Amino acid sequence: MTESSLDHPDRLWAAAEPKRSYDVVIVGGGGHGLATAYYLAKNHGITNVAVLERGWLAGGNMARNTTIIRSNYLWDESAGIYEHALKLWEGLEDDLGYPLLFSQRGVLNLAHSLQDVRDGVRRVHANRLNGVDAEWLGPEQVKEVCPIVDVSPDVRYPVLGATYQPRAGIAKHDYVAWGFARAAAAYGVDLIENCEVTGLDVRDGRVTGVRTTRGPIAAGRVALCAAGHSSVVAAMAGVALPLQSHPLQALVSELLEPVHPTVVMSNAVHVYVSQAHKGELVMGAGIDAPNSYRQRGAFHVIERQMSAALELFPIFARAHVLRTWGGVVDVTPDASPIVGLTGVDGLYVNCGWGTGGFKATPGVGWCYAHTIAHGEPHPLSAPFSLDRFTTGALVDEHGAAAVAH
């Protein structure tokens, strides 16, 4: 691979052809798949790896997320893996040797009711017990952190306070994908675009390869990272996953001067707002209720989101929408991911992140690579095994961490 291809990530994976056999085949060339490939090579010396993507690398949910990074989740299990990820984020630019525009500008989770306040204070205490930075702020302190938020007591969604994680922030999603892809390719990982998996070969209870639109590929292990469609791929091997797929909408405004210094989220009104490095306001909503694989959502959902955003941020009333989009997210019954082994030997699954996938990227890549390399779960991802839905050891993050974004 030449220096020119390393310096121009859009040409990095232009013409890779799959070999007929790999030690590990990763299905899904988004952030999680690329991070897993990188850590398989770096941490475990496993480089005979192919990342298969049915479209272009990082063209799925990785290109449709809203770039928020944080670790202030309620339950110990969630705090563990997300805090691990955040610590990796803090050194990731140096590790990958690539700019990610990682900005630790903090995140505010607003409280609009007495119950919101109680839940927020509880989460702050839980975060601190887990070594996660967290503070409770009153309305005037919220105003100090983010001067453009309306904290007037007579609005429809009065701000009664907020949790605040100073180390949280944002990063540029395509740069993150390019950084991991570039680094994985430098180790010798094959990145194969336009290669859709159409079947999984299983013999005597063990996965032996994948069938693709570019021919069959033998594999010692197969790792699924197909966000939004994991249940479809897993079903090819007879594995049923407890997932529902939903559209998730977001939008960006025209370019503006810097006006929004942090990330603001509101669970009650299902809206979150940050400002990208170029100047766009990035806003997103909760998931659409109907199950769907469409990368678009219902207008009334985004309309309600914008109405709530304008009440919280009156300054945005004159901003123009530049574009809207939708992704497809997998949601589990307890709103926590599934990471680990399946009932098929050599087949691994990483799915069900809902709206939390981007922030977990380096952390789950690290843990998933360990699981694949050793054939047993990493301690941080062990609580998110598939069998928790039969044992009852759920990790219920519904509404516990403000919009779940």
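The values are calculated or read from the model by the stated rules, or taken from the named source; none is laboratory data. Just so we're clear, the structure is a prediction, and the values are computed from it rather than from any experiment. Quick reminder, even Gly has a Cβ in these numbers, built from the backbone with ideal geometry, and neighbours come from all protein chains shown. These accessible areas exclude ligands, DNA and RNA; they are computed on the full protein's heavy atoms, side chains included. Shrake-Rupley method; radii C 1.70, N 1.55, O 1.52, S 1.80 Å.
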**Q.** More than 17 angstrom apart: percent of Cα pairs within segment 52-164
**A.** 65 percent
Q) Excluding R304 itself, what net charge comes from residues whose Cβ is under 15 Å from its Cβ, given Lys and Arg +1 and Asp and Glu -1? A) -2
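Please give the charge dipole size of the chain, origin at the Cα centre, charges +1 on K and R Cβ atoms and -1 on D and E Cβ atoms. Round to the nearest 20 debye. Display every interim value, and only then the final one.
Numbers: 31 positive and 40 negative charges, 104 e Å.
In total the dipole reaches around 500 debye.
Quote the charge dipole size of segment 151-288 about the Cα centre in Debye, to the nearest 20; the model charges only the Cβ of Lys and Arg (+1) and of Asp and Glu (-1). Could the numbers behind the result be given before it?
Numbers: 10 positive and 11 negative charges, 93 e Å.
Dipole of segment 151-288, to the nearest 20 debye: 440 debye.
Explain nothing, just the number: relative contact order of segment 285-386, from Cα pairs under 8 Å at least 6 residues apart, as a whole percent.
Values: 107 pairs, mean separation 23.1, N = 102.
Rounded, it is 23 percent for segment 285-386.
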Q.
I need the shape label for segment 55-121. Rule: rounded when a/c is under 1.5, else prolate if a/b > b/c, else oblate, with a, b, c from the alpha carbon gyration tensor.
A. prolate
Q. Using a 1.4 Å probe, how large is the accessible area of M62, given in Å² and rounded to the nearest 10?
A. 20 Å²
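For segment 35-87, what class follows from the C-alpha gyration tensor (a ≥ b ≥ c being the square roots of its eigenvalues): rounded when a/c is under 1.5, otherwise prolate if a/b is larger than b/c, else oblate? All intermediate terms of the calculation are to be shown ahead of the outcome.
On the way: a/c = 3.17, a/b = 1.34, b/c = 2.37.
Note, shape of segment 35-87 comes out oblate.
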Q. Residue by residue through segment 76-84, which ³J(HN,Hα) values in whole Hz follow from phi under the Karplus form 6.51 cos²θ - 1.76 cosθ + 1.60 (θ = phi - 60°), with glycine and proline marked x?
A. 4, 4, 5, 4, x, 6, 6, 5, 4
Q: Run through all the Cα pairs of segment 244-396 and give the fraction in each 10 Å bin from 0, expressed as whole percent.
A: 10, 32, 28, 20, 8, 1
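Given a 1.4 angstrom probe, I'd like the percentage of the accessible area of the chain that is carbon and sulfur, rounded to a whole number. The partial results should precede the final answer.
On the way: 8590 of 16150 Å².
After summing per-atom areas, the C and S share lands at 53 percent.
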Q | Probe 1.4 Å, protein heavy atoms only - accessible area per residue of segment 300-405 in square angstrom | A | 38 Å²
Q: Give me the distance in nm between label points sitting 7 Å out from Cα along the Cα-to-Cβ direction at R20 and H374, one decimal.
A: 3.5 nm
Q.
Can you tell me which lysines have their Cα less than 24 Å from the Cα of K172? Leave out same-chain residues fewer than eight positions away.
A. K42, K87, K278, K359
Q. At 222 nm, what helix-only mean residue ellipticity would the chain give, in deg cm²/dmol to the nearest 500, using -39500 (n - 2.57) for each DSSP H run of four or more?
A. -8500 deg cm²/dmol
Q) Using a simple spin-label model with points 7 Å from Cα along the Cα→Cβ vector, what separation in nm is obtained for D150 and R203? A) 6.6 nm
Q. How much net charge surrounds W75 when only other residues with a Cβ under 11 Å from its Cβ are counted (Lys, Arg +1; Asp, Glu -1)?
A. -4
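Can you say what percent of the DSSP beta bridges in the chain, counting only those with both residues inside, are antiparallel? Round to 5.
70 percent
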